[in-house]
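Each reported figure results from applying straightforward, stated rules to the coordinates on display, with no laboratory input. This is a predicted model, so every value here is computed, not measured. Backbone-built Cβ (ideal geometry, glycine too); neighbour counts: all protein chains shown.
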């Protein structure tokens, strides 16, 4: 048994009985995450649809730069 595992068991032995269900739930969640396949991220959810300004960004930046000298 590794030292890390022995340390974990020693700490678990000191946890009060009424709190063990929290730790067991956490361990179960960890085990489920490692057993399931990799999560697939839908990156399209982070992409904003193009706007009229984004079609001509250079002109927009030039307009901002020119309008700050009023």
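Suppose R0 equals 25 Å; then what is the FRET efficiency for residue 7 and residue 32 from their Cβ-Cβ distance, rounded to the nearest 0.05?
Working: r = 24 Å, r/R0 = 0.96.
The pair residue 7/residue 32 has a calculated efficiency of 0.55.
The length gained on full extension between residue 42 and residue 62, counted as 0.36 nm times the residue separation minus their Cα-Cα distance, comes to 3.8 nm.
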